[in-house]
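> Have a look at this one before I ask anything.
The values are calculated or read from the model by the stated rules, or taken from the named source; none is laboratory data. Quick caveat, the model's predicted, so the values are computed rather than measured. Cβ atoms come from the backbone with ideal geometry, glycine included; neighbour counts cover every protein chain shown.
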Amino acid sequence: MNPYVAVAALFLMVGVMLLLPLIPSLVELRGKSDALPLSVVQQNAGEIRHFANSFRDYIKGIEPTLQRCVADGTTGTGTLANGEEYVALGRADEALLRALEQRDALHPVVITAGVDLAVPGESTLSKEIYAGCLFTGGSKNKYRAILGENSVHLGASSHVTRWVHALGEFTAERECQLYGRISSDSLIRLGADCVFLRLNAPRIEIGDATVNQDTTSSPVPASVNSAHAQRFFHEGDFEVQAGETIRGNLVVRGNLHIRSGARICGSVKSTKDLVLGDEVCVEGSLISAQEMLIGANCAIHGPVVAERELAIAAGSRVGSLQHPTTVSAPWIKAEEGSLVFGTLWAREHGEVVANQ
Amino acid sequence: MIYALYIIVFVICVYTGRHYWFTLNRLFGFQRHPYIDIDTADWPPVTVLVAAHNEEKVIANILDALMTVKYPEDRILVIPVNDRSTDRTREIIDKFVQDFPGRIQAFHRVIGKGGKAAALKDAMELVNTEVILIFDADYIPGAGLIKQLVAPFFDLEVGGVMGRVVPLNTGTNLLTRLLDLERSGGYQVDQQARMNLGLVPQHGGTVAGVRLSALREIGGWNDNSLTEDTDLTYRLLLNGWKTVYQNRSECYEEVPEIWPVRIKQIMRWAKGHNQAMVTYGFQLLLGKNHATLRERIDGTLLLGVYAMAPLTLLGWALALGVFYQGVAPLHGVIALLSLTAYAALGNLAAFFEIAAAVRLDGTRKRISLLPFLILGFAVSIFSVSRAAFSQVRDLLTGAEFHWDKTERFRKAL
């Protein structure tokens, strides 16, 4: 072979081999098929009522139909903007709802009701429900999502897969499984052994929380801005003695045990486990990088954050009506009788523990 | 010569292992986002400082965005820090002050030392809230971002907070697309892995926050620093304050669209980082301070990131020298292996990190641009090395550093 051709062939081959892996890159560079900025949630970052608000906008168009059905005591059907079918209920007897439930297995529809809605037990409704008046669900029902303009009550062992928002009270009897977002503009009350992820309401009662209403003193809020207060910094495990009062913020690089009756006039951080005895009062936030155990009848202004498991004993309360706050951890066990004002958010699993 | 080469290879292997560790942690480890769920609280008063030097093209965008954020209006004050601008920046800011009375307070700086840290230092006379957030003028914060950046300050150990930067002008050209990939790797994997592992997430000086009492405790902004963010990270760390990273607190930014601007930007970062390495490196690793052992080790490695470029160049030169010298063990095979090993492994580790980040971001096709990153890396390695050499030269000649502002490419409103 001619040596010049051989060299040229060598260069050509090397060039091709170099270019070969670059072909997808060149195609993408020229075609720009994935060149948009990453989608960053700009407007509704984390807003718990976002799905409920979107659903309300989505069904706005059928409001006149629903009003007509209510006035006539009839049932109407139609199609929503994206082709989804709906049923507008101006009356809601059990036979009608049974029929809807049976139809759901084959052809689910969005249900809108302008009257009180009582869904019989053991029903599955796999599309969204709009309840213009009271909503009462029987036991062992399965729902996708419910928007209630009034109170929403779920029977025992009910299952919600996406969200519920009630303008009135939201109550769930024992052993309900509440996945997704559950919110109320008034009150959430969960029965024993309920499972939850994210709850938000001015007042969240775990079981019968009324018992603790007057048993604990309300913490005086200590905001972030008052962090000018002294910061006690301790390396290693630390204990706050029973009945002791600490004025200032406490940061412990280790395990922290705050014994019964102690009062912290500030915020608390522990880089390991954090244990609160009974009747402890914390005027600021409570943060643990590991597990946290809040004893009975404690009062915390909040927020409360545990990076692993969090257990709240009966009679304890976090936040207040005037100062709602957040309780957050991947795994939360809240005993019946505890009370949270604001948000209770279990990233992985939350459960209501029945009183012994 | 061979022993010097071995040391360099070892150091590069450490960084390679670190890249793999971070990436595997992001893919399979426990992810820490402890404060992101705080959505209800007694939100504290907050001051938002917007650093602006000749920002007529972008300043209106950020002020518009800040006027629509979801934060109690009576608890947020925006202070645009107009640092000696000679364009329409002042005029635009004053118009906003007029349109939003009580919500924006202008700080016009007409004289003084150059640089962002110096401007922020002067602006502190207007700040009296415990929580301070900082944005560069080319950023566009989303509605929920302020609450997300404030939330970590409920933790009394937190002195600084850093959010995630997402390029907005991604699709402009090859450079912006490469920077998009680099930012993904840097934030989605690197920063979040350091957060997960209890190491040292870095304060970026924008989409960021700092606690006033912590800032006062460490002596305020250091206007002698070329990168006030790195400087802040280490002074907080040495004094027992944590910097936390919030991967889900995302904010759009504009990345450089032309290579000379990118080169200037990375050279400034390199010089600032090297300055921090010299100032804090020894004190962090061996001095008496509040950092944990893993923070000391990771913090030191992080300080050395920009020193790796000249070190790599030196390693290449040494490897070639050793090879042609013919005195190396196994007839130079070790030297040759060293050359290829650290070049390939090191780069592949970074590629692996970026590929994992792209996957975590849920994007698909942009990963095919990965081979082009070699170009970006080549430019970086020479720019950063040049910055290091000029820094040493300036030290010897006593020349003063000139602070270069990054040029903007957005069209003015």
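> Looking at the range B:163-188, which of its residues are at the interface with chain A (Cβ under 10 Å from one of its Cβ atoms) and either in a strand (DSSP E or B) or β-branched (Val, Ile, Thr) (or both)?
Hits for the range B:163-188 are B:164, B:166, B:167, B:170, B:172, B:176.
> Within the range B:359-376, which residues are facing chain A (nearest Cβ under 8 Å) and assigned to a helix (DSSP H, G or I)? Working first, answer last.
Taking the range B:359-376 and keeping what is facing chain A (nearest Cβ under 8 Å), we get B:361, B:363-366, B:368-372.
Hits for the range B:359-376 are B:365, B:366, B:368, B:369, B:370, B:371, B:372.
> Give the residues of the range A:250-273 that are buried (at least 21 other Cβ atoms within 10 Å of the Cβ) and under 16 Å from residue B:154 (Cα atoms), sorted by residue number.
Passing the criteria: A:250, A:251, A:252, A:264, A:266, A:267, A:268, A:269, A:270, A:271.
> Can you work out which of the residues in the range B:358-382 that are among the small types (Gly, Ala, Ser) and over 19 Å from residue B:255 (Cα atoms) is nearest to the chain's Cα centre (by Cα)? Walk me through it before giving the result.
First, pick out the residues of the range B:358-382 that are among the small types (Gly, Ala, Ser): B:362, B:368, B:376, B:378, B:380.
After this cut, where a residue has to be over 19 Å from residue B:255 (Cα atoms) as well, the list is B:362, B:368.
Values: B:362: 23, B:368: 25 Å.
Ranking the qualifying residues of the range B:358-382, first place goes to B:362.
> Hey, another quick one. Quick one: is residue A:293 part of a strand (DSSP E or B), buried (at least 21 other Cβ atoms within 10 Å of the Cβ) and without any contact (Cβ under 8 Å) to a residue 60 or more places away in the chain?
On the way: part of a strand (DSSP E or B): yes; buried (at least 21 other Cβ atoms within 10 Å of the Cβ): no; without any contact (Cβ under 8 Å) to a residue 60 or more places away in the chain: yes.
No; evaluated as a whole, the condition is false for this residue.
> Can you tell me which residues in the range A:84-96 are in a strand (DSSP E or B) and touching a Leu at 6+ places or on another chain (Cβ under 8 Å)? Full working, then the answer.
Here is the first cut: in the range A:84-96, the ones in a strand (DSSP E or B) are A:85-89.
Once the filter is applied, which keeps residues that are in a strand (DSSP E or B) and touching a Leu at 6+ places or on another chain (Cβ under 8 Å), the range A:84-96 yields A:86, A:87, A:88, A:89.
> Provide a single number: the residues in the range A:203-259 that are under 27 Å from the mean Cα position of the chain (by Cα), modelled with pLDDT under 95 and within 12 Å of chain B (Cβ to nearest Cβ).
So the count comes out to 6.
> Further question: At the interface with chain A (Cβ under 8 Å from one of its Cβ atoms), surrounded by fewer than 24 Cβ atoms within 10 Å (Cβ to Cβ) and out of contact with any Ser or Thr (no Cβ under 9 Å at 6 or more places or on another chain), is that true of residue B:112?
Details: at the interface with chain A (Cβ under 8 Å from one of its Cβ atoms): no; surrounded by fewer than 24 Cβ atoms within 10 Å (Cβ to Cβ): yes; out of contact with any Ser or Thr (no Cβ under 9 Å at 6 or more places or on another chain): yes.
Against the criterion (at the interface with chain A (Cβ under 8 Å from one of its Cβ atoms), surrounded by fewer than 24 Cβ atoms within 10 Å (Cβ to Cβ) and out of contact with any Ser or Thr (no Cβ under 9 Å at 6 or more places or on another chain)), residue B:112 does not qualify.
> Among the listed residues A:71, A:52, A:81, identify the single one that is assigned to a loop (DSSP other than H, G, I, E, B) and either away from chain B (no Cβ under 11 Å) or surrounded by 15 or more Cβ atoms within 10 Å (Cβ to Cβ) (or both).
On the way: A:71 fails: assigned to a loop (DSSP other than H, G, I, E, B); A:52 fails: assigned to a loop (DSSP other than H, G, I, E, B).
Just one listed residue meets the conditions, A:81.
> While we're on this one: Regarding the range B:311-319, can at least one residue be identified that is at pLDDT 90 or above and either away from chain A (no Cβ under 14 Å) or more than 30 Å from residue B:150 (Cα to Cα) (or both)? Before you say what the answer is, go through the steps one by one.
The first filter runs over the range B:311-319 and keeps only residues at pLDDT 90 or above, leaving none.
Within the range B:311-319 (the criterion being at pLDDT 90 or above and either away from chain A (no Cβ under 14 Å) or more than 30 Å from residue B:150 (Cα to Cα) (or both)), the answer is no, since none of the residues qualifies.
> How about the range A:260-290: which of its residues are outside any loop (DSSP other than H, G, I, E, B), away from chain B (no Cβ under 13 Å) and closer than 22 Å to residue A:331 by Cα?
A:275, A:276
> Given the conditions (1) over 21 Å from residue A:164 (Cβ atoms); (2) not assigned by TED's automatic domain parsing to the domain that holds residue A:111, and given that residue A:47 satisfies all but one, which numbered condition is not satisfied?
With (1) over 21 Å from residue A:164 (Cβ atoms); (2) not assigned by TED's automatic domain parsing to the domain that holds residue A:111 applied to residue A:47, the lone miss is (1).
> List the helices (runs of 4 or more DSSP H) inside the range B:51-162, counting only whole elements, that have at least 1 residues being touching a strand residue (DSSP E or B) at 6+ places or on another chain (Cβ under 6 Å) and basic (Lys, Arg). Walk me through how you get there before you give the answer.
Working: elements: B:59-66, B:89-99, B:116-123, B:145-150.
Once the helices (runs of 4 or more DSSP H) in the range B:51-162 are filtered for at least 1 residues that are touching a strand residue (DSSP E or B) at 6+ places or on another chain (Cβ under 6 Å) and basic (Lys, Arg), what remains is B:89-99, B:116-123.
> If the requirement is being in contact with a Phe, Trp or Tyr (Cβ under 8 Å, 6 or more places away or on another chain), on the phi < 0 side of the Ramachandran plot and in contact (Cβ under 8 Å) with a residue 60 or more places away in the chain, which of these qualifies: B:307, B:270?
B:270 is the lone residue from the list that is in contact with a Phe, Trp or Tyr (Cβ under 8 Å, 6 or more places away or on another chain), on the phi < 0 side of the Ramachandran plot and in contact (Cβ under 8 Å) with a residue 60 or more places away in the chain.
> Kindly indicate whether residue A:62 is more than 30 Å from residue B:170 (Cα to Cα), touching a Lys or Arg at 6+ places or on another chain (Cβ under 6 Å) and either assigned to a strand (DSSP E or B) or aliphatic (A, V, I, L, M) (or both). Spell out how you get there, then give the answer.
Numbers: more than 30 Å from residue B:170 (Cα to Cα): yes; touching a Lys or Arg at 6+ places or on another chain (Cβ under 6 Å): no; either assigned to a strand (DSSP E or B) or aliphatic (A, V, I, L, M) (or both): yes.
Criteria not met by residue A:62.
> Quick one: residue B:209 ticks every box in (1) modelled with pLDDT of 90 or more; (2) more than 13 Å from residue B:162 (Cβ to Cβ); (3) among the small types (Gly, Ala, Ser) except a single one, so which number is it?
Going through (1) modelled with pLDDT of 90 or more; (2) more than 13 Å from residue B:162 (Cβ to Cβ); (3) among the small types (Gly, Ala, Ser) one by one, residue B:209 breaks only (2).
> Being at positive phi and touching a Leu at 6+ places or on another chain (Cβ under 8 Å) is true for just one of B:102, B:115. Which residue is that?
Details: B:102 fails: touching a Leu at 6+ places or on another chain (Cβ under 8 Å).
The conditions single out B:115.
> To continue, here is another question. Considering only the range A:162-173, I want to know if a residue exists there that is in a loop (DSSP other than H, G, I, E, B), over 20 Å from the mean Cα position of the chain (by Cα), of a type outside the set (Lys, Arg) and surrounded by fewer than 21 Cβ atoms within 10 Å (Cβ to Cβ). Walk me through how you get there before you give the answer.
In the first step, residues of the range A:162-173 are kept if they are in a loop (DSSP other than H, G, I, E, B); the result is A:167-168, A:173.
With over 20 Å from the mean Cα position of the chain (by Cα) added as a condition, the list becomes none.
Within the range A:162-173, none of the residues are in a loop (DSSP other than H, G, I, E, B), over 20 Å from the mean Cα position of the chain (by Cα), of a type outside the set (Lys, Arg) and surrounded by fewer than 21 Cβ atoms within 10 Å (Cβ to Cβ).
> Name the residue that is farthest from the chain's Cα centre (by Cα), counting only residues in the range B:254-304 that are in a loop (DSSP other than H, G, I, E, B), surrounded by fewer than 20 Cβ atoms within 10 Å (Cβ to Cβ) and of a type in the set (Val, Ile, Thr).
B:292
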